[in-house]
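Take a look at this one; I'll ask things after.
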Amino acid sequence: MHRVPPVDRLSAPLARRVALAAQGLADPRPDGPAGARQLRAAVDRLAVVQIDSVNVLSRSHYLPLFSRLGPYPRAALDRLHHPRHHVFEYWAHEASYLPVALQPLLRWRMAAAEQHAWGSMLRVQRERPGYVADLLDRVRDGGPLRASEVGEQRPSTPGQMWNWHPGKAALEYLFYVGALTARSRTAGFERVYDLTERVLPAAVLAVPTPSRPDAVRALVRTAAMALGVATETDLRDYFRLPVADTRAAVAELADAGDLLPVEVEGWGRPGWLDPAARRPRWARARALLSPFDSMVWERPRIERLFGFRYRLEIYTPAARRVHGYYVLPFLLGDRLVARVDLKADRAAGVLRVQSAYGEDVGPPPAEVATELADELSLMAAWLELDRVEVVPRGDLADHLAAAVGRSVDPSLQ
């Protein structure tokens, strides 16, 4: 029995730097364009890269790698999925890319689909199991299949987020239980389903399936390394793990010395520290963070770490939005110093800043705006856009427009 060591104490600034370092956001970006090796290392460090269909700026899974590595060819990340299969798709935090080595640790979730899956994918399996089985046979005999090729019409039910036809629901059920996986994505970002044994590396498929407690413990340990310092809730949220399983795993990891108890200034709840976590004296990062970035996706954690209240307002009616539709926090050093609502106007070749708001932390607004303008210019070039334009909305907009070097067009008001 390993004795749990005395509780360590971290100041709020040190906790922020530990968290940023664990996420690969404490240091300046590498010199030169990132290649496959750097992308693999970044994905392995994060363990989960969330996928989302929103494309107002860029597909969300491309942005965390840009935030950490700077400009890189997006096709290089695509190739990690197909044909290299270093990453695979599955339901982790949400729909996500994960290092393929983690697949055995999620088989318990695949086996427990009746408890963890939802909606029409469960309904179609319960009501039409023969139909689901026939679709699996169709993929087995006919090869990869997209939902649009099944021959079903999507229902037109207004206000439904998961508006799947029965064929899509059946394919998603087979995806959830691990019988199928995503071989690739089309240019329109549609999943191409294929038999898992025809996609994943044989070495991964040959790994014995761990018990559920062993798998959850390994996932919690992975989350701890990706987060640096975290509450039990943070650790559970990273892979969306059940409460009781996570609690048992944390206790076992703490007993083994693989998690250290820590008291973080201002948190008001127990924390857990990765024993190998870096404790940098400084953080020199500069990055715009996607709403689906693992650094900011758990909003209470961001409020604890940065004092930054952040809400995704995509599904909020336009008249009730506070900061905008697709708002990215701006990281400078170890603070979130601003937020900007961004849109890639591809037809006009413009990265449009639809609002810009500063925070009451960090450098003066003019300095924040200068750094932010440089970051926006870098992002615009990466997105193959010609210029940045600033809409006069938000308390940082004038400073930012001046820093971008363009007068604000009154027609944008």
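The values are calculated or read from the model by the stated rules, or taken from the named source; none is laboratory data. As the structure is a prediction and not an experimental result, all values here were calculated from the model. Every residue, glycine as well, gets a Cβ built from its backbone with ideal geometry; the counts of neighbours run over all protein chains shown. When the accessible area is computed, the model is the full protein with side chains, heavy atoms only, and any ligands, DNA or RNA have been set aside. Shrake-Rupley method; radii C 1.70, N 1.55, O 1.52, S 1.80 Å.
Any idea which of Val361, Val368, Val322, Val337 is in a loop (DSSP other than H, G, I, E, B), closer than 15 Å to Phe306 by Cβ, outside the structural domain of Asp31 (by the TED database) and of a type in the set (A, V, I, L, M, F, W, C)?
Val361
Ok, one more. Would you pick out the residues in the stretch 254-296 that are open to solvent by 10 Å² or more (accessible area, probe 1.4 Å) and outside any loop (DSSP other than H, G, I, E, B)?
Asp255, Leu260, Pro261, Glu263, Trp272, Arg286 - these are the residues of the stretch 254-296 that are open to solvent by 10 Å² or more (accessible area, probe 1.4 Å) and outside any loop (DSSP other than H, G, I, E, B).
Let me ask you something else. Somewhere in the stretch 179-197, is a residue in contact (Cβ under 8 Å) with a residue 24 or more places away in the chain and assigned to a helix (DSSP H, G or I)?
Here is the first cut: in the stretch 179-197, the ones in contact (Cβ under 8 Å) with a residue 24 or more places away in the chain are 179-186, 189-195.
From what's left, assigned to a helix (DSSP H, G or I): none.
No, the conditions are met nowhere in the stretch 179-197.
Being open to solvent by 10 Å² or more (accessible area, probe 1.4 Å) and under 18 Å from Leu98 (Cβ atoms) is the filter here; which residues of the stretch 213-239 pass it?
Asp214, Arg217, Ala218, Arg221, Thr222, Met225, Arg236, Asp237
Yes/no matrix, rows are residues, columns are (1) closer than 20 Å to Leu105 by Cα; (2) modelled with pLDDT under 95:
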{"residue": "Gly130", "(1), (2)": "no, no"}
{"residue": "Pro166", "(1), (2)": "no, yes"}
{"residue": "Leu171", "(1), (2)": "no, no"}
{"residue": "Phe175", "(1), (2)": "yes, no"}
{"residue": "Thr196", "(1), (2)": "yes, no"}
{"residue": "Pro210", "(1), (2)": "yes, no"}
{"residue": "Asp214", "(1), (2)": "yes, no"}
{"residue": "Arg236", "(1), (2)": "yes, no"}
{"residue": "Leu241", "(1), (2)": "yes, no"}
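So which residues in the stretch 86-111 are modelled with pLDDT of 95 or more and not hydrophobic (A, V, I, L, M, F, W, C), if there are any at all?
Within the stretch 86-111, His86, Glu89, Tyr90, Ser96, Tyr97, Pro99, Gln103, Pro104, Arg107, Arg109 meet the criteria.
Taking the options Arg335, Arg321, name whichever one is within 15 Å of Val361 (Cβ to Cβ) and open to solvent by 10 Å² or more (accessible area, probe 1.4 Å).
Only one candidate qualifies: Arg335.
I need the full set of residues from the stretch 354-386 which are crowded, with 18+ Cβ neighbours inside 10 Å and small (Gly, Ala, Ser), in order please.
Ser355, Ala356, Gly358, Gly362, Ala369, Ala373, Ala380
Enumerate the helices (runs of 4 or more DSSP H) found wholly within the stretch 30-145, keeping only those where 2 or more residues are free of Cβ contacts under 8 Å to residues at least 24 places away in the same chain and crowded, with 16+ Cβ neighbours inside 10 Å.
none
Under 25 Å from Ala75 (Cβ atoms), in contact (Cβ under 8 Å) with a residue 24 or more places away in the chain and open to solvent by 70 Å² or more (accessible area, probe 1.4 Å): is that true of Arg393 in this structure?
no
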